[in-house]
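*Asks:* Just passing along the structure, written as structure tokens.
The values are calculated or read from the model by the stated rules, or taken from the named source; none is laboratory data. Everything numeric in this text was worked out from a predicted model, so none of it was measured. Cβ: placed from backbone, ideal geometry, glycine included. Neighbour counts: every protein chain shown. Accessible surface is based on the protein model in full, side chains and every heavy atom, while ligands, DNA and RNA are left aside. Shrake-Rupley method; radii C 1.70, N 1.55, O 1.52, S 1.80 Å.
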Amino acid sequence: MEVLLLTQEHCTLCDHAKQVLGRLAGQYPLTVATLDLGCPEGRALAARRGILFAPGVFLDGEAFSYGRLSERKLRRELDRRLRWTGTAKDESGR
């Protein structure tokens, strides 16, 4: 699953989102990329997808959230998507 994180400098909520995604990347099949909200591409993406402020999180190109990232909400969504695709790991990591 592709995760895009829209970030900006000096953003404690962005730092929190990076920590959450770092933890979850060890448990879920995630590829995480970041994009600066201040660059033209980042501003355009945020405007098109309704991201009002950083951090913005996209899952497979779909806007998921902005502001403080809820790890619980993200885990539920990842579990839901992985069950749907049949790629969820069991508790042993298989």
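*Asks:* Tell me, which residue of segment 31-60 that is in contact with a helix residue (DSSP H, G or I) (Cβ under 9 Å, 6 or more places away or on another chain) and in contact (Cβ under 8 Å) with a residue 40 or more places away in the chain is farthest from T12 (Cα to Cα)? Talk me through it step by step, then tell me what you get.
*Replies:* First pass over segment 31-60, keeping only residues in contact with a helix residue (DSSP H, G or I) (Cβ under 9 Å, 6 or more places away or on another chain): 31-32, 34-37, 51-60.
Keeping just the survivors that are in contact (Cβ under 8 Å) with a residue 40 or more places away in the chain gives 51, 54-60.
On the way: I51: 17, A54: 10, P55: 9, G56: 13, V57: 15, F58: 19, L59: 21, D60: 24 Å.
Among them, the one singled out is D60.
*Asks:* Among the residues of segment 53-62, is there at least one that is modelled with pLDDT of 95 or more, open to solvent by 30 Å² or more (accessible area, probe 1.4 Å), within 10 Å of the chain's Cα centre (by Cα) and not acidic (D, E)?
*Replies:* No, the conditions are met nowhere in segment 53-62.
*Asks:* Ok, one more. Looking at (1) outside any strand (DSSP E or B); (2) modelled with pLDDT of 95 or more; (3) open to solvent by 30 Å² or more (accessible area, probe 1.4 Å), which one does A33 not meet, given that it meets all the others?
*Replies:* Tallying (1) outside any strand (DSSP E or B); (2) modelled with pLDDT of 95 or more; (3) open to solvent by 30 Å² or more (accessible area, probe 1.4 Å), A33 fails exactly one: (1).
*Asks:* Do we have any residue at all in segment 65-84 that's aliphatic (A, V, I, L, M) and either open to solvent by 60 Å² or more (accessible area, probe 1.4 Å) or more than 15 Å from V3 (Cα to Cα) (or both)? Don't jump to the end; show me each part of the working.
*Replies:* Quick first cut of segment 65-84, residues aliphatic (A, V, I, L, M) only: 69, 74, 78, 82.
Cutting the leftovers down to either open to solvent by 60 Å² or more (accessible area, probe 1.4 Å) or more than 15 Å from V3 (Cα to Cα) (or both) gives us none.
Looking for residues that are aliphatic (A, V, I, L, M) and either open to solvent by 60 Å² or more (accessible area, probe 1.4 Å) or more than 15 Å from V3 (Cα to Cα) (or both), one finds none in segment 65-84, hence no.
*Asks:* Also: Identify, from the list E9, E41, the residue that is at pLDDT 95 or above and outside any strand (DSSP E or B).
*Replies:* E41
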